[in-house]
1. What is the gain in length, in nm to one decimal, between ALA5 and TRP35 on full extension, counting 0.36 nm per residue of separation less the C-alpha to C-alpha distance?
2. Can you match P(r) over Cα pairs in 5 Å bins from 0, in percent to one of these, [x] 3, 16, 27, 24, 16, 10, 4, 1; [y] 3, 18, 32, 27, 15, 4, 1; [z] 3, 13, 17, 16, 13, 11, 9, 7, 6, 4, 1, 0, based on a calculation from the structure here?
3. Which of MET1, MET43 comes first, and how do the rest follow, when ranked by fewest Cβ neighbours within 10 Å?
4. Which of the helices in the chain meet the span-like rule: DSSP H, Cα axial reach of 20 Å or more, Kyte-Doolittle mean at least -0.5?
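Throughout, read-outs are computed from the coordinates displayed, never taken from laboratory work. What you see is a predicted model; the values in this text were computed from it and never measured. Note that we place each Cβ from the backbone using ideal geometry, even for glycine, and neighbour counts take in every protein chain shown.
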Amino acid sequence: MRIKAQIESGRITEEISLLLEQELVEIELLKPNSWDVKFIKNMIRHGRKLTEPQKRELERILQDHILAEDYPNGIEL
């Protein structure tokens, strides 16, 4: 299932959890005390239905992965 569709379903799937863990490693190196780090850690453990603001933040954080799915050959300018 596509990443965006998984987010829209309102649950953190195993695939999204793994992607968030990858993002967490990168973000912790750049901005260890940022709001994104706290949000990602919370989402990895999240077991409840996602709210609309949480869905939007997940899409923002995972936007590179979503774009890679939408444009597997890259974006032509």
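1. Contour length minus Cα-Cα distance gives 8.4 nm.
2. [x]
3. In order of increasing Cβ crowding within 10 Å: MET1, MET43.
4. Those that pass (Cα extent of 20 Å or more, hydropathy at least -0.5) are 14-30.
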